[in-house]
Structure formats: structure tokens, C-alpha cells
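Here the structure comes first, spelled out in C-alpha cells, and everything after it is commentary.
Derivation of every value follows stated rules applied to the coordinates shown; laboratory data play no part. Fair warning: this is a prediction, and the values are worked out from it, not measured in the lab. For neighbour counting, all protein chains shown are included, and Cβ atoms are generated from backbone atoms with ideal geometry for every residue, glycine included.
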Amino acid sequence: MNTTTPPPAAPQGIGQTVRSESQRSPLRDFLRTETGSAVALVVASVAALVWANVASGSYEHFWETSLSVHLGSGGVDLELREWVNSGLMAAFFFVVGLEARREFDVGELRQRSRVTLPLLAGLTGMGFPVLIFLAFAATTDAGGGWGVAMSTDTAFALGTLALLGRRLPGALRTFLLTVAIVDDVVALAVIAFVYSGSLSWPALLVALAVFIAVLCIRRAGVRHSVPYVVLAVAMWVALLKSGVDPVVTGLVLAMITYAYPASRTDLERTSGQFRLFREQPTPELERSLRQGLATVISPNERLEQIFHPWSSYVIVPLFALANAGIHITWAGFTDALTAPITLGILIAFVLGKPLGIVLCAALTTWLSRGRLRPQVGWGAVLAGGSASGAAFTVSLLIAALAFDEEQLTQAKYGILATIPFSFALTWLIAVAIRALPRTGRVRALLGTGESIIDLVAPVDEERDHIRGPVNAPVTVVKYGDFECPYCAQAEPMMRRLRDDVGGDIRFVWRHLPLDDVHPHAQLAAKASEAAARQGAFWPMHDALLSHQDELGPEDLMRHAENLGLDLKRFRRDLTSHAVASRVAEDVESADRSGVAGSPTFFVNGRLHRGAYDLATLTESVRAAQERASLANR
């Protein structure tokens, strides 16, 4: 293998020359925000408990205050708690729907075969708790509140996994998020059809007509937000008047908001508009540039970026503040300890949830003969099931609809108790897994399921440029640009990565010259391919990244001369169609694989999301090594 003296060491973390914001990991951003919101939820819940016990009269009086909004002869008159529960929570379900739609369009569930298992696990993970709750409520009149025992609180569940950190695999978060989305969607349907009032068909037909109007303006290509906001409010009011809980509005509108990656054509057009604006900063060109940028990013991503922080840090904590307040007395607390409602909710979530999820996953894997299996190990599935035993948002919402007074208080005790109990159980499972021997621990966490492959064009040993053992179990593919400073910084880190993890890794370079930001990148890519025709790709690769300010035609000829290449042949190959086609093939494969910028890494075909620091990449490579070792056993 050809090598050269490595360039100077780079910082531990590097950046990336970005092509499009649309290819950032939406799931990673979503998880990070949900994890942080768990803290806000705890603070709001504690504040509600303190308020309800220090000044219980003012707590109830405040949230029962009536607020009316009138327009002409019509209007809406609700208590403040109802405005939060039916109004602001519509935005919460809008965010849930956006994430569900994104996962189906561009996320883990874009491979429809991966939908079946978490869908069934989500449904079974709701059915088992409901049966347990009904068993406890059989001797009371509380059976009608069975919907309280269904839905996982996403923020608390993901917050539990985040607190446990590296004890559990990252893929578990995706599995748990999918199960939680199923929970929320089904729970919302239950709210709409079971816990809503008597139906008013004229108002329901008005809501349907408004929804059709939304579909029509979307079909017409309207992108301005004002018409959608007006129609969404009209639909919410119509559903409220119809007797259906209007929180349905958020989910319905979100599920028709498509997510899609930016196309190369849109990106190039927007780059051209920016260059025009830079040359002539006129209001017309500025407006054209804004419109161009708006078309590049999908409405789903733009709306989630706007609403998700508000939902996580304002709406849901406000919901907790309005609903989590319980006036605690010693007599009431001791009664709740033995109350069927409290015990039914607690046991239904803490034991019923993990039992339903794990049994369903095991049965589905067995019936499908392994074709449908979790993407994590069974220990991780059990930990995820126990983490999903945290109830809060939707359970409190249904409890407020299903129970009154003493029963509502008992339900709140049970719901709040699920949070520490589910966390403790998940922690114990993680500790038990960590105590296993290394092979057993890896199998329990990672399993043997096949990971989703993001790299569209598999590595071809005859075609690709490979550095390292050809038969190495781990392959890191890097899409790079020879003029990109971050690509140069990544090279010494790649060498350190190879030293840290041993020789069981090979590196593949593929071209992604970003012509619109790096004017010499295309020619440099061709120069490396011209050198490859003389068996000197990697020496030229290292020379180009080490001299990024020397990529002009004369500079490239000097590099070729320094490497001892046949200059006449090099010059001829540099301008040949074959070399240009070779670079274009890499660019096309990058587009098809959803590459956002340079450098972008794929580890065993899986897109590396997150930081490009040595520790994070090493962790990703080690996980791939462990998966490969399990597959070879």
C-alpha cells in the first residue's frame, strides 16, 4: 500500500462543509430536544405539586378561570386548563405527527419492512397495560378510564435512556421513539372516539371541509404560512364544536406534511441565486433567494424546527403545571397506596409495558423466522420496554377526561409514580447487562439484526480506492473534497483511528467536489484519478490534502512531477472523459446516499451521524466491529 508522511495532527473535533441543512439528522436533534425537555417537565411537575400544596385554593381557582375569545356572534369559552389541554396540546401532537411523518419519509421507517415490528410492539405495549388496569378496576366503577394506562411519555422515556448514556445502544432510541409514536397516535384516536362528547355532525362536516381546503392549497403549491394557520384554527374550532377533542387537529395536519431531502438541482439553483445576490444585493434578489431557500428545505423540517422547542420547553411543561398539581394529605396518600386506580396504573406501566413489548417482539421474531427482528439485542429491548413505562402527558390528558375528583387524584398519584419506578427498573436492567461477559453483553445490547444501509453504492474492491486490509470487517467510506479544510483535518484523525482500533478497518475515499464553494475541487479530484491510473492515488490524495492552497493546474503538474509520474500521460488523463466520468459516478452515489457535505462518513454502510471527533468515530467503529464479530460467530 502506498503511503506518505501524515499531515500535522488535527484537532479532536472537526467540522463539515455543508451542502444542505436538510440532511442534518432530524432524529438526533429530536432526541436531544426531548431529552432536555424531560428536565423541564420535572421542574414544572414539582412546581405544580408545590403550588397545589402551598396554596391549593389559588391553584384550582387559577386553572378554572374562564377565558373567552369571540369574533362577531361566535366564540370559544373555556377554562385556562382546557385551553392548555385542548388548545396548546394540539401543537404537541403536531410535533409528534411531524416526527412520525419524517420517519416514514426519510428516517428509519422508510424501509417499510421495519414498520411492522415496532408497530406491533407499540400496540401490544398498550394492550397489556390496559388489561392489567381493567383487572385492578374490575371491583370499581373506574373501568371507563382504561385509556389512562396506554401511552408512554416520550420525553421521560428518552430522558431515561439519555441518563444511562453509553450503557445502552443508540439504536434503542430509534426503536423506542417509534413505539412511542404508535402510542401517541393510537391514544389520540382513543381520545377522539372514546373520550369526546356527543357529536355534532354539522360542525364535524365543517371540519372536514376545512381539511379538504388545506389539501387543496397544499396541492396548489402555496407555501406561505398564514393560510395554513387560519385554516388550522378554523379546523380546531370546528372540531371543538363538534364534540371531538380538537387536539386531533395537530396530528392530522402533521401527517400530511411531507419530509424530503434537498435535491442537487435545488441546491445548485440556490447557490446560483446567492452568488447573484452577493453581486447585486437588491430587494428583488433577496426575496428570490429567500423563496429558493424555502423550497430546498422540506416543510416538515422547517415546521418541526419552529414548533419543537416551543412544544418541549413551553407547551408540555405548561401542561404539567396545569395538570400535575395534587393536594397531598397523609390520609389521601395512604389511601392512594391501596387504591385500585393508583396500583392499576403503576403496575400496568412499570410491568405491563415492558412485558407487552418484549413478548410481542419475541413472538414476531419467532413467527417470521427471524426476518422481522429488533435492530438491537434482547437486553436492550427489555430496557427500552421498561423505559417506556413512564407515563405522563397523554395519561394525564385522558385522566382529566375520564375521572373526577378523588379518582382523578388517585390516577395522578399512579401516573407520577411511574416515572421513578420505570427509571429504577431500567437502571437495574442496564446494570445487569453490564455485568455480563463481554460477548454476552454485546449480544444483549446489539443483537444480530441487520442495520439499515444508507450507502446506496456498495464498496467495490475493483473500483474503489481502499486503504487498509481488503478483508477488514469494518469499512469507513469517506466522501471528501480536496479543497475542503475539514477533509484535511480528518486525515490525521483517520490515522489515529486506525491505530486505536487496530488493523480491522479499511478506509475508502469517494469524491464529492463542491464546485459552488471550492472552485479547484473538481480539477483536484480529476488529478487524483489521473494519478490512480499510474497506481499513485493515495500519494496524490495525501499531497493534495497537505497542499490545499496549491490546487491550480500548474500546482497539480508539480505534484505529479514530485511523485515521479509520467507527466505527459498525467496531463492527457487529467482532461479525459473517463476520469471525469469516474468523479461524476462518486458524486451521483453521494446524492443517492443523501450526503450533506464534506466530509461525510459511512461505517459499514451506515451513515455516521453526529460529531466528527475521534472519540465519537471510534465508538461508532467499535460498535461496527462488535456487530461484525457477532455476525461471524
By how many nm would the segment from Ala220 to Leu80 grow when fully extended, if each residue of separation counts as 0.36 nm and the alpha-carbon distance is taken off?
46.7 nm
Angle check, please: helix 537-546 long axis (alpha carbons) against the longest principal axis of the chain (alpha carbons), in degrees 0 to 90, nearest 10.
70 degrees
Zone reached by a paramagnetic label modelled 7 Å from Ala578 Cα along Cα→Cβ, restricted to the stretch 531-561 with backbone N below 17 Å, covers 531-537
What is the set of long-range amide H partners of Gly597 at a cut-off below 5 Å, with H atoms built 1.01 Å from backbone N?
Arg19
Projecting each Cα onto the charge dipole of the stretch 418-515 (Lys/Arg +1, Asp/Glu -1 at the beta carbon, about the Cα centre), which of Gln489, Ile429, Ile452 comes out farthest on the positive side?
Ile429
Would the stretch 150-231 count as rounded, prolate or oblate if I go by the C-alpha gyration tensor, calling it rounded below 1.5 in a/c and otherwise prolate when a/b exceeds b/c, oblate otherwise?
oblate
Within-10-Å neighbourhood charge of Cys487 [Cβ basis; K, R +1; D, E -1]
-2
For Cα pairs less than 8 Å apart in space and 6+ apart in sequence, what is the mean separation divided by the residue count of the chain, i.e. the relative contact order in percent?
22 percent
Would you mind getting me the FRET efficiency between Asn562 and Arg369? Use the beta-carbon distance for r and R0 = 56 Å, nearest 0.05.
0.45
For Arg510, the residues 5 or more places away or on another chain with a placed amide H closer than 5 Å to its own amide H are Lys478, Tyr479, Gly480
Once you have the Cα-Cα distance between Asp516 and Ile306, take 0.36 nm times their residue separation minus that, and quote the gain in nm to one decimal.
72.7 nm
DSSP beta bridges in the chain: the antiparallel percent, rounded to 5, is 70 percent
With just the Cα atoms defining each centre, how far is the stretch 210-229 from the stretch 335-355? Give it in Å.
44 Å
Sort by residue number and report every cysteine in the chain with no other cysteine beta carbon within a distance under 4.7 Å.
Cys216, Cys360
For the stretch 53-73 and the stretch 92-152, write down the distance between their C-alpha centroids in whole Å.
32 Å
At R0 = 25 Å the Cβ-Cβ FRET efficiency linking Val39 and Ala432, nearest 0.05, sits at 0.40
If I fit a long axis through the Cα atoms of helix 405-434 and take the longest principal axis of the Cα atoms of the chain, what angle between them do I get, 0 to 90°, rounded to 10?
30 degrees
For the chain, find the longest principal axis of its Cα atoms and tell me its angle to the long axis of helix 614-631, 0 to 90°, nearest 10.
80 degrees
Full extension between Arg622 and Thr338 adds, at 0.36 nm per residue less the Cα distance, a length in nm of 97.4 nm
When the Cα centres of the stretch 401-468 and the stretch 475-549 are compared, how far apart do they sit, in Å?
36 Å
Quick one: if the Förster radius is 56 Å, what FRET efficiency do Glu405 and Arg275 give, using the C-beta to C-beta distance and rounding to 0.05?
0.25
Rg followed by Dmax, in Å, when the chain is reduced to its Cα trace
28.3, 94
Along the stretch 602-608, Karplus-curve 3J(HN,Hα) (6.51, -1.76, 1.60; θ = phi - 60°) to the nearest Hz, with x for Gly and Pro, reads 10, 10, 6, x, 9, 4, 7
Check the straight Cα-Cα distances from Lys568 and name the lysines below 29 Å, setting aside those fewer than 8 residues away within the same chain.
Lys526
